[in-house]
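Data block below; observations after.
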Amino acid sequence: MKKISVLGSTGSIGTQTLDVARMHRDQFQIEGLAAGSNVELLLQQAKEFGPRKVSVATKELADLVKHSLPAGTEVFYGREGLIEIAAGTDAELVVTAVVGSMGLPSTLAAIEAGKNIGLANKETLVTAGHLVTAAAAAKGVKLLPIDSEHSAIFQCLNGERYEDIERITLTASGGSFRDYTREQLVNVTVEDALKHPNWSMGAKITIDSATMVNKGLEVIEAHWLYGLPYEQISVLLHPESIIHSFVEFRDSSIIAQLGNPDMRVPIQYALTYPERWNSPAPRLSLAEAGRLNFREMDFERFPCLRLAYECGKMGGTAPTVFNAANEVAVARFLRKEISFLRIEEIIEQVLEQHEIHLEPTLETIEASDQSARELASRL
């Protein structure tokens, strides 16, 4: 049996990871589960899967759940708890599905412990790609992408030579407002933004999809995962989300990965790589799909994607600040403190006031992250 731990087990990716484990009970053993404050769901998961260790957000929550956990399950909390679930179990693979930059220390700890990573926390590579990829190479650890776009690229490159790549293209659904003009975005609500047309995702990533920040983070992530310059990474609007991404090679051939939008497919591939197992995901019928549509990306309509490219090319702490400012701005939008369009303005204003540090240490990254959050909170 393959032993796995899941960071962010009560979120969208975490629960779907456990769906996959549930479908293949004789193949997976859950060693650790880390959640935030949704202790009711965590207790259900712990009783079903019997992990050796669990973690919650605070000591108060740990005290609350410890007497309800299965016999033999230890409870931890906070940042140290995340690290314990990541690095302190017998798991061979750690699925990093926590939202935001809090996933970085635990991912680095898991790599240091020699564990393969099922990477669903894109902020890890965005904020510290040079540190994470270097650590993974030093430890001989696999970074197996779970995002549907990066899983698609990963699959398209199986058996191919990287030097033959002309470019990779990440497809984007366009999010909740893909057919809105800039003028129509002025008065959109949180409720409007959370209605993603294709995917079932958490609130933060759904807002990021609407602003195209999510695709910007994926562009930076692709740079680190595949070692390509930004000039060889493009984005194409594809409303149906059936072609998840594709690779063009120097002989003009294109290889694409297709499927109905169901996150259990890329999750399962990361868990079972290099094997492919049966999946309950609905089969794709191209005849029923009928027509697939594509549009060039408009950087004026989606300025956050332009900012992401610029930050990626600047390097250093610029992507860290881009991500941190966005996390704060999105949280403020979800609390209805600011308008939707204010998100992009806050990101740009924070970046304008940041002095970039090239080749930053982890301490510099964390300091830049914190200062960006403080400024984004005040603006």
Region 233-301: chymotrypsin sites (Phe, Trp or Tyr not before Pro) in DSSP coil with no more than 13 other Cβ atoms inside 10 Å: Trp277, Phe294
Of Thr96, Ile233, Thr171, farthest towards positive along the dipole that unit charges on Lys, Arg, Asp, Glu beta carbons give the chain: Thr96
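Let me know the whole percent of all Cα-Cα pairs from region 231-328 that are separated by more than 17 Å.
Values: 3250 of 4753 pairs.
Looking at region 231-328, the distances longer than 17 Å represent 68 percent of pairs.
In the structure shown, do any of Lys59/Lys115; Lys53/Lys195; Lys139/Lys195; Lys142/Lys204; Lys66/Lys142 have a Cα-Cα gap over 31 Å, and if so which?
Values: Lys59/Lys115 27 Å; Lys53/Lys195 35 Å; Lys139/Lys195 41 Å; Lys142/Lys204 27 Å; Lys66/Lys142 33 Å.
In this structure, Lys53/Lys195; Lys139/Lys195; Lys66/Lys142 lie more than 31 Å apart at Cα.
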Going by amide H atoms built from the backbone, whose H comes under 5 Å of the H on Ser176, apart from near neighbours? Ala210
Is region 290-379 rounded, prolate or oblate when judged by the Cα gyration tensor, a ≥ b ≥ c being the square roots of its eigenvalues, rounded requiring a/c under 1.5 and prolate requiring a/b larger than b/c? oblate
HN-Hα J in Hz across region 332-337 - Karplus 6.51, -1.76, 1.60, θ = phi - 60°, x for Gly and Pro: 5, 5, 5, 8, 6, 8
Spatially proximal aspartates and glutamates relative to Lys3 (Cα-Cα < 18 Å; intrachain offsets below 8 disregarded): Asp19, Asp26, Glu31, Glu48, Glu74, Glu84, Asp90, Glu92, Glu112, Glu275
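Order Leu69, Leu362 by their accessible area, 1.4 angstrom probe, all chains in place, largest first. Before the final figure, lay out each step's value.
Details: Leu69 20, Leu362 45 Å².
Largest accessible area first, the list is Leu362, Leu69.
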Expected vector for region 240-257, Karplus 3J(HN,Hα) from phi with 6.51, -1.76, 1.60 and θ = phi - 60°, integer Hz, x for Gly and Pro, equals 6, 6, 9, 7, 7, 3, 8, 10, 9, 9, 5, 8, 6, 6, 10, 10, 10, 10
In debye to the nearest 20, the charge dipole size for region 283-374, taken about the Cα centre with +1 at each Lys and Arg Cβ and -1 at each Asp and Glu Cβ, equals 620 debye
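How much of the DSSP beta bridge set in the chain is antiparallel, as a percent to the nearest 5?
On the way: 12 of 41 bridges.
In the chain, DSSP labels about 30 percent of beta bridges as antiparallel.
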Compare Val126, Val321, Val20 in a GNM of the chain, Cα atoms joined below 10 Å, and give the one with the largest fluctuation. Val20
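To the nearest 500 deg cm²/dmol, what mean residue ellipticity at 222 nm is calculated for the chain from DSSP H runs of n ≥ 4 alone, each contributing -39,500 (n - 2.57), summed and divided by the residues? Write out the running numbers ahead of the final one.
Values: 16 runs with 173 residues, N = 379.
Result for the chain: -13500 deg cm²/dmol, rounded to the nearest 500.
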Counting only protein heavy atoms and rolling a 1.4 Å probe, one gets per residue an accessible area for region 1-42 in Å² of 36 Å²
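Mind listing which trypsin sites (Lys or Arg not before Pro) in region 296-355 are in a DSSP loop and have 11 or fewer other Cβ atoms within 10 Å?
Values: sites: Arg301, Arg306, Lys313, Arg332, Arg335, Lys336, Arg342; in loops: Arg301, Arg335, Lys336.
Those that pass, being in a loop and sparsely packed, are Arg335, Lys336.
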About its Cα centre, how strong a charge dipole does the chain have in debye, to the nearest 20, once Lys and Arg get +1 and Asp and Glu get -1 at the Cβ? 880 debye
In whole percent, how big is the carbon plus sulfur part of the accessible area of region 183-313, probe 1.4 Å, protein atoms only? 50 percent
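The values are calculated or read from the model by the stated rules, or taken from the named source; none is laboratory data. Given the structure is predicted, the values throughout are model-derived calculations rather than measurements. So basically every Cβ, Gly included, is an ideal-geometry build from the backbone, and we count neighbours across all protein chains shown. Just the protein is used for accessible areas: all its heavy atoms, side chains included, with ligands, DNA and RNA removed. Shrake-Rupley method; radii C 1.70, N 1.55, O 1.52, S 1.80 Å.
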